[in-house]
Structures are given as structure tokens and as C-alpha cells.
1. For the stretch 1-30, name all the residues that are part of a helix (DSSP H, G or I), at pLDDT 65 or above and exposed (fewer than 10 other Cβ atoms within 10 Å of the Cβ).
2. Taking into account only those residues within the stretch 69-123 that are among the polar types (S, T, N, Q) and either touching a residue at least 24 places away in the same chain (Cβ under 8 Å) or not in a strand (DSSP E or B) (or both), which is nearest to TYR158 (Cα to Cα)?
Amino acid sequence: MSNNAEVGLSRQTLNINFETMDRRNALKTFFTFFPLGTAFAGLAAMGIRFITPVKREFERKIFTVGLDELPIDASRRFKDLRGKDLMIVRTGEREVKALSTVCTHLGCSVFWQEDKKEFYCPCHQGRFDKDGKVVGGPPPKPLDSYKVEIEGDNVYVYFKDIKEV
């Protein structure tokens, strides 16, 4: 038994005779199978699109603290929308920074030293300035920072979030 017989297809079933096919029959065959192939490809593409949702990134503005609750050179620790720790530090009258508390060296927690006005990682003596830039120790890059906005006396932090659409 040949492969065509196993699948249930033969030249007689499809009425295709390649030896005597002329242009008219070739075009007829093409216009019969081309729309079927296109329809199948479209259905496959829609299926893949249905299975893999689109992810869109957007920003959320979250109230964190009032300026009157945060003295100059003081800090406040809290969690972002994904549960990661971050710290807000008031570095001036109307200047506030929001930085990750995860050291970029080995992932230890950093804390704010008011007297030295820098972030310190006790694991390997990593030090970061008020902007999160490395000033000493082994950390390879600065701390992750968040966009901060002050409206009136309220401090807002912008978080990037991902939504499946």
C-alpha cells in the first residue's frame, strides 16, 4: 500500500493528472487550494493569538506619604505593587527619592544612614549616594530608582505594571 492510499488521497480522488494538466486546469487547481491554505493559515494565526495574550506596560501613580510625615534626611520603607521593598528618602525641602532597597551586588537589603546621607549594604560594605549611585564597595551598578512626583504636600511614586489584554 502506498502513502497516498494510507492517507486516503489519490490522484483520482483529487482529479489531478499532472501529465496532462494544462494552464486552465493548473489555475483551477491553484484557485481551489490557495483559499483553503489561506483560510487554514488565518485560523492558525487566530489560535496562536488567542493562546498567547498581549502584555501592555503602563504606569500607576500611587500615594506614598505626606511631606509633613517625612522630615528632611529621613526615610520610609514600603513595598511596591509587586511586593519588592523600596525606600523613600527626603533629601531636600521639596526633593524626594524613591529607590529599591535591594543591593545590586548580591541582593542584600540596603538601609539609609541619615548621618552619612547614603545607603549602606552590610553584606559587603556597599555604599550608594542619595541618588542610588555606587560610591563604594563591590556593587556593579546603581540601585533601581522610581519616578517621584510631589503634588502639594503629597508624595506619589510611579510604578510600571504589566497588564494582559
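1. First, the residues of the stretch 1-30 that are part of a helix (DSSP H, G or I): 3-7, 11-14, 23-30.
From the residues that got through so far, the ones that are at pLDDT 65 or above too are 23-30.
Matches in the stretch 1-30: ARG23, ARG24.
2. Residues of the stretch 69-123 that are among the polar types (S, T, N, Q), as a first pass: 75, 91, 100-101, 104, 109, 113.
From what is left, the residues that are either touching a residue at least 24 places away in the same chain (Cβ under 8 Å) or not in a strand (DSSP E or B) (or both) are 75, 91, 100-101, 104, 109.
Values: SER75: 18, THR91: 18, SER100: 13, THR101: 16, THR104: 21, SER109: 22 Å.
Once the filter is applied, the top-ranked residue is SER100.
The values are calculated or read from the model by the stated rules, or taken from the named source; none is laboratory data. Computed from a predicted structure; not experimentally measured. Cβ: placed from backbone, ideal geometry, glycine included. Neighbour counts: every protein chain shown.
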